[in-house]
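Data block below; observations after.
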Ligand SMILES: [Cu+2]
């Protein structure tokens, strides 16, 4: 660690196992170790200064969804809220990467689902919560309901020396970011040095992961071209309801587990059917989970830790058995 | 077609002759394939294409906006009621390829798809 950092490989994967958490190295805002210590001292609470932080990503809660792959409805989401509330210290902020709600053709019913989402997310002790829409939130009405509840569908902010960018690749109805938003992104990033750590959060993958399952963004290449000059780009997304880690150029892309039901590993055949993994009542929260991202600018690291909700330290088997016994999920 | 109609040949024969004349011409316009979309299906559901033969896809919708996406052939169309869309493509690879609706259209959207078979 005493060795000077190679700025070109400013954020690189040093431990790639997703289950164990991937460790990424970064150096915020090209400062020296002394500068960062000063930053830590000065910016202990304002969120702007480089320093240690932890954030949580929750994805695809699909509030309002009812169906066989998840007869538990919002139970996993509620369990995740309890798990996050138990973290000590608490994370600085929560990122929700889309499909907060499950859509309804009836706008009044969909509005109720937004309210139900907020009732549950409102129980989080962390009040700084950032959202991007998924297609189930915003594709039928172009994002109207989402905006009413959460504001703009794309925006950016700085936290602890990391620049966060929220991108909307759903509300046009198609898997697309669009020229206007890409122009905005270019402008937004222009003030940053190439070494600035950037976290992009969005719903769909920004690359062709499985286009036949709509796991792609049609102009994702253009977005990645805008991000390409930056050495330390991490993209956090949801949509695919399973873990995935991919490297595109210098950027790292992480899909999060959902909090409703999981999709399987996609088979190679283009025509393979996309259907959720069946519900397993002996392990009701299997393949569902939360993600914690921790950064430490003194140690120049950013690590992504994915934890399944079935994991003992998070939920405890007793709680699960309790839910099974009450049978209120059937 | 008009010249055949005027000569009062039975319609089946008309079609055969028309088809024959199309095959005989060396520089024919691409074959047109009509695909119609509604929630949550495509009609027809399977379309067979010939490898290296250009085809024009004429895509229509009868209820709302839908997409037709086949990444492999660069088909990426959007149609709405009264707003059809066309593209001419030439598949160069044999096999079965999934086409999906990539314009979100409601609860059954995730399973709205069809198959292109290239022989
Ligand atoms: Cu559709």
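The values are calculated or read from the model by the stated rules, or taken from the named source; none is laboratory data. This one's a predicted model, so the numbers in the text were calculated from it and none came from an experiment. Note: ideal-geometry Cβ built from the backbone for every residue, glycine included; neighbour counts use all protein chains shown.
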Count of residues meeting criterion [under 27 Å from residue A:242 (Cα atoms) and not in a loop (DSSP other than H, G, I, E, B)] in the range A:160-180: 5
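Suppose the filter is in contact with a helix residue (DSSP H, G or I) (Cβ under 9 Å, 6 or more places away or on another chain), within 14 Å of chain B (Cβ to nearest Cβ) and in a loop (DSSP other than H, G, I, E, B); does residue A:205 pass it? Explain how you work it out, then say what you get.
Working: in contact with a helix residue (DSSP H, G or I) (Cβ under 9 Å, 6 or more places away or on another chain): yes; within 14 Å of chain B (Cβ to nearest Cβ): yes; in a loop (DSSP other than H, G, I, E, B): yes.
Against the criterion (in contact with a helix residue (DSSP H, G or I) (Cβ under 9 Å, 6 or more places away or on another chain), within 14 Å of chain B (Cβ to nearest Cβ) and in a loop (DSSP other than H, G, I, E, B)), residue A:205 qualifies.
Of all residues in the range B:72-105 being part of a loop (DSSP other than H, G, I, E, B) and within 16 Å of the ligand (Cβ to nearest atom), which is farthest from residue A:214 (Cα to Cα)? Please lay out each step first, then the result.
If we filter the range B:72-105 for residues that are part of a loop (DSSP other than H, G, I, E, B), which is where we start, we get B:74, B:82, B:84, B:90-94, B:101-105.
Right, trim to within 16 Å of the ligand (Cβ to nearest atom) and you get B:84, B:101-105.
Details: B:84: 22, B:101: 9, B:102: 7, B:103: 10, B:104: 10, B:105: 13 Å.
Only one residue tops the list, namely B:84.
Considering only the range B:106-119, how many residues are facing another protein chain (nearest Cβ under 9 Å) and either surrounded by fewer than 21 Cβ atoms within 10 Å (Cβ to Cβ) or not in a strand (DSSP E or B) (or both)?
Here is the first cut: in the range B:106-119, the residues facing another protein chain (nearest Cβ under 9 Å) are B:106-107, B:109-111, B:113, B:115.
Subsequent filtering for residues that are either surrounded by fewer than 21 Cβ atoms within 10 Å (Cβ to Cβ) or not in a strand (DSSP E or B) (or both) retains B:106-107, B:109-111, B:115.
So the answer is 6.
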Residue B:20 meets each of (1) modelled with pLDDT under 95; (2) within 14 Å of chain A (Cβ to nearest Cβ); (3) out of contact with any strand residue (DSSP E or B) (no Cβ under 8 Å at 6 or more places or on another chain) with one exception, condition (2)
Which one is nearest to residue A:65 (Cα to Cα), of the residues in the range B:73-105 that are surrounded by 15 or more Cβ atoms within 10 Å (Cβ to Cβ), out of contact with any helix residue (DSSP H, G or I) (no Cβ under 9 Å at 6 or more places or on another chain) and facing chain A (nearest Cβ under 9 Å)? B:105
Taking the condition under 16 Å from the mean Cα position of the chain (by Cα), in contact (Cβ under 8 Å) with a residue 60 or more places away in the chain and either at positive phi or within 14 Å of chain B (Cβ to nearest Cβ) (or both), does residue A:240 pass? no
Since residue A:260 meets every condition but one in (1) touching a residue at least 40 places away in the same chain (Cβ under 8 Å); (2) in contact with a helix residue (DSSP H, G or I) (Cβ under 7 Å, 6 or more places away or on another chain); (3) within 14 Å of chain B (Cβ to nearest Cβ); (4) within 22 Å of residue A:174 (Cα to Cα), which condition does it not meet? (4)
Of the residues that make up the range B:46-55, is at least one at pLDDT below 95, within 14 Å of another protein chain (Cβ to nearest Cβ) and either more than 16 Å from the ligand (Cβ to nearest atom) or loosely packed, with under 12 Cβ neighbours inside 10 Å (or both)? no
Residue check, residue B:63 against (1) within 16 Å of the ligand (Cβ to nearest atom); (2) away from chain A (no Cβ under 11 Å); (3) part of a strand (DSSP E or B), all met but one. Which one? (3)
Would you be able to say whether some residue in the range A:167-181 is more than 14 Å from chain B (Cβ to nearest Cβ), more than 23 Å from residue A:60 (Cβ to Cβ) and surrounded by fewer than 24 Cβ atoms within 10 Å (Cβ to Cβ)? yes
Within the range A:119-148, residues surrounded by fewer than 16 Cβ atoms within 10 Å (Cβ to Cβ) and assigned to a helix (DSSP H, G or I) come out as A:119, A:144, A:147, A:148
Do the conditions hold for residue A:185, that is, is it away from chain B (no Cβ under 14 Å) and crowded, with 21+ Cβ neighbours inside 10 Å? no
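Report yes if residue A:214 is out of contact with any helix residue (DSSP H, G or I) (no Cβ under 7 Å at 6 or more places or on another chain), crowded, with 23+ Cβ neighbours inside 10 Å and without any contact (Cβ under 8 Å) to a residue 40 or more places away in the chain, otherwise no. Spell out how you get there, then give the answer.
Working: out of contact with any helix residue (DSSP H, G or I) (no Cβ under 7 Å at 6 or more places or on another chain): yes; crowded, with 23+ Cβ neighbours inside 10 Å: yes; without any contact (Cβ under 8 Å) to a residue 40 or more places away in the chain: yes.
Taking the combined requirement at face value, the residue satisfies it.
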Do we have residue A:146 as touching a strand residue (DSSP E or B) at 6+ places or on another chain (Cβ under 6 Å) and modelled with pLDDT of 95 or more here? no
